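Down below is the structure, laid out as structure tokens.
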Amino acid sequence: MAIATRELQQMFSLTAEEVAKNRDRLCELDGVIGDGDHGLAMDAGWQAASKAVLQLDEVEVAPTFLFNTAAKAFLNAVGASSGPLYATAFMRAGTAVKDKHTLSDDDFLDAFRAMAQGIQDRGKAETGEKTMIDAWRPAADAAMEARRTGANISACLDAAVRAARDGCEATRDMVAAKGRSSRLGDRALGHIDPGAASAVIVIEAISAFLTR
Ligand code: ADP
Ligand code: MG
Ligand code: MG
């Protein structure tokens, strides 16, 4: 199945809807170990990105331009740390599919992996530091590993969702080494990281979109 700009527009609006449904829960999670705005930040960012990409002409606009448009809109809408992290993710996804008009399954997986790598390069977090990377990194790795063993794209994204959920759950037992909650030391123990929780929602939405 080739994925074109039209499908990517749908992916953005579906993800924005799922993030919006979880806005309050994400703020509550961030209220425990951060400043309580993560749901508002993610909701504002995904709404803005979704709105901006839906305004593009699906026939004339290539996926790279769509991802770059999403990056700009997300960055402009979000003042929190998640803004530049997701903006970089979208920009990298755009670079990964440069010059393509439609995306093959492998192209899409390249873009997915580039999102995780972009977040990691921008935020300089490693796994184990209680950030969204604890969901994104294992998710991207699981998707690529599934692909290497011959899985189709839905199975790859299923594997990514499972890895993201496990990674998010694992943040409960971590002390934060990056971001606002790193100031809390041991007091962050016992609580999942809000950015990892929102990453699960985003990855679930991408997976749901692909298996629709
Ligand atoms: P802020 O802390 O500025 O209010 P948000 O509430 O939007 O930003 O996002 C907080 C989340 O950002 C954290 O839960 C964590 O997952 C993520 N985060 C913070 N710093 C980094 C980083 N350097 N690398 C990756 N993720 C990070
Ligand atoms: Mg916050
Ligand atoms: Mg904040």
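Taken together, the values in this text are just the output of simple stated rules run on the coordinates, not laboratory data. Just so it is clear, the model here is predicted, and its values are computed rather than measured. Please note: Cβ atoms are built from the backbone with ideal geometry, for glycine as well, and neighbour counts cover all protein chains shown.
Mind ranking 94-104, 77-87 by how tightly packed they are, going by the mean number of other C-beta atoms within 10 angstrom, highest first? Before the final figure, lay out each step's value.
On the way: 94-104: 16.6, 77-87: 21.7.
Most protected by this proxy first, the peptides run 77-87, 94-104.
Using alpha carbon coordinates only, what is the Rg to Rh ratio of the chain, with Rh defined as the Kirkwood radius?
Rg divided by Rh gives 0.96.
With an 8 Å cut-off on Cα pairs and a minimum separation of 6 or more residues, tell me the relative contact order of the chain in percent. Before the final figure, lay out the partial values.
On the way: 398 pairs, mean separation 46.0, N = 212.
Dividing the mean separation by the residue count of the chain yields 22 percent.
About the Cα centre of the chain, how large is the charge dipole given +1 on each Lys and Arg Cβ and -1 on each Asp and Glu Cβ? Please answer in debye to the nearest 20.
Charge dipole, the chain, about its Cα centre: 300 debye, nearest 20.
Could you let me know the centre-to-centre spacing of the stretch 85-111 and the stretch 146-212, using Cα atoms, in angstrom?
Answer, in whole Å: 20.
Only helical DSSP H runs with n ≥ 4 go in: add -39500 (n - 2.57) per run for the chain, normalise by residue count and round the 222 nm mean residue ellipticity to 500 deg cm²/dmol.
Taken over the chain, the calculation gives -22500 deg cm²/dmol.
If you add up the charges near GLN120, with Lys and Arg at +1 and Asp and Glu at -1, over every other residue whose beta carbon is less than 9 angstrom from its beta carbon, what do you get?
Its environment carries a net charge of +1.
So how tilted is helix 63-77 from the main axis of the chain? Cα-based, degrees 0 to 90, rounded to 10.
Between the helix axis and the principal axis of the chain, the angle is about 30 degrees.
Step through the table entries LYS72/LYS124; LYS21/LYS98; LYS51/LYS178; LYS21/LYS124, compare each Cα-Cα distance with 27 Å, and write down the pairs that go over it. Display every interim value, and only then the final one.
Values: LYS72/LYS124 21 Å; LYS21/LYS98 32 Å; LYS51/LYS178 31 Å; LYS21/LYS124 29 Å.
Distance filter (> 27 Å) returns LYS21/LYS98; LYS51/LYS178; LYS21/LYS124.
Less than 12 Å Cβ to Cβ from ILE133, Lys/Arg counted +1 and Asp/Glu -1: what total charge do the surrounding residues give?
Neighbour charge sum, excluding ILE133 itself: -1.
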